[in-house]
Amino acid sequence: MFFPFWLATLLFFLVSRVYGCVVESGFFNLTTARTFYSLSPDNESGKKIVLIHGLGGDYSAFDTWVCLFSLQQYQVLTYDLLGHGLTEWRLSGLYTQERYVTQLNELLRVLGWLRPNNEPVYKLVLLGTSMGGMIASKYAMTYPDHLSALIMISPCLLYTSPSPRDRQKS
């Protein structure tokens with residue numbers, strides 16, 4: 001059965017308005033950058049999902065998705081990538097995949113989803129769209145033990161040489 005995109009969008013919009021999703025938002029001063037985040041309440045199910053936006057987007061790209069995942073008992077984290085939205089823009093150096101992965105890893109540690117030794121408290125679901133899919137895949141390759149699932153929607157996948165950490169494992 002064909003399900004038109006406009007109908008899905010309308011459904012997402014109506015669900016978010018009817019159920020009224022509550023989130024907290026703010027900033028964390030990470031070593032990578034001052035990062036803006038949005039987090040739905042913890043429902044104590046232990047189910048955690050991180051939504052990573054694409055190039056030129058921001059955390060609000062997932063407003064209706066936050067509501068839908070919350071209804072499925074997930075605690076939902078969205079955040080602005082380096083150089084996007086309300087996260088710090090003027091950073092020196094290149095915006096590499098590793099730098100985005102470090103930003104996410106630091107954010108998860110500050111939220112208590114990772115222990116100080118970088119071991120996961122919770123197995124996460126990572127969902128990324130476009131460039132967010134690329135970052136999610138790089139995170140999954142770097143920290144596979146942190147994830148229960150990886151979802152990539154229209155990812156832009158770029159081949160990069162293995163990181164020094166990956167080369168040491170070989």
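Which shape class, rounded, prolate or oblate, goes with region 15-122 when its Cα gyration tensor gives a ≥ b ≥ c as root eigenvalues, a/c under 1.5 marks rounded, and past that a/b bigger than b/c marks prolate? Walk me through the intermediate numbers first.
Numbers: a/c = 2.31, a/b = 1.35, b/c = 1.71.
The shape class here is oblate.
Once a ≥ b ≥ c are taken as the square roots of the eigenvalues of the Cα gyration tensor of region 80-147, is the result rounded (a/c under 1.5), prolate (a/b larger than b/c) or oblate (a/b not larger than b/c)? Taking the square roots of the gyration eigenvalues as a ≥ b ≥ c, region 80-147 is prolate.
With +1 on each Lys and Arg Cβ and -1 on each Asp and Glu Cβ, and nothing else charged, work out how big the dipole of region 19-80 is about its Cα centre, in Debye to the nearest 20. Charge dipole of region 19-80: 120 debye, to the nearest 20.
LYS138 contributes an accessible area of around 10 Å² to the protein surface, as traced by a 1.4 Å probe with all chains present.
The values are calculated or read from the model by the stated rules, or taken from the named source; none is laboratory data. Predicted model, so just to flag it, every value in this text is computed and none were measured. Positions of Cβ are backbone-derived with ideal geometry, glycine not excepted, and every protein chain shown enters the neighbour counts. Ligands, DNA and RNA are excluded from the accessible area calculation, which covers all protein heavy atoms including side chains. Shrake-Rupley method; radii C 1.70, N 1.55, O 1.52, S 1.80 Å.
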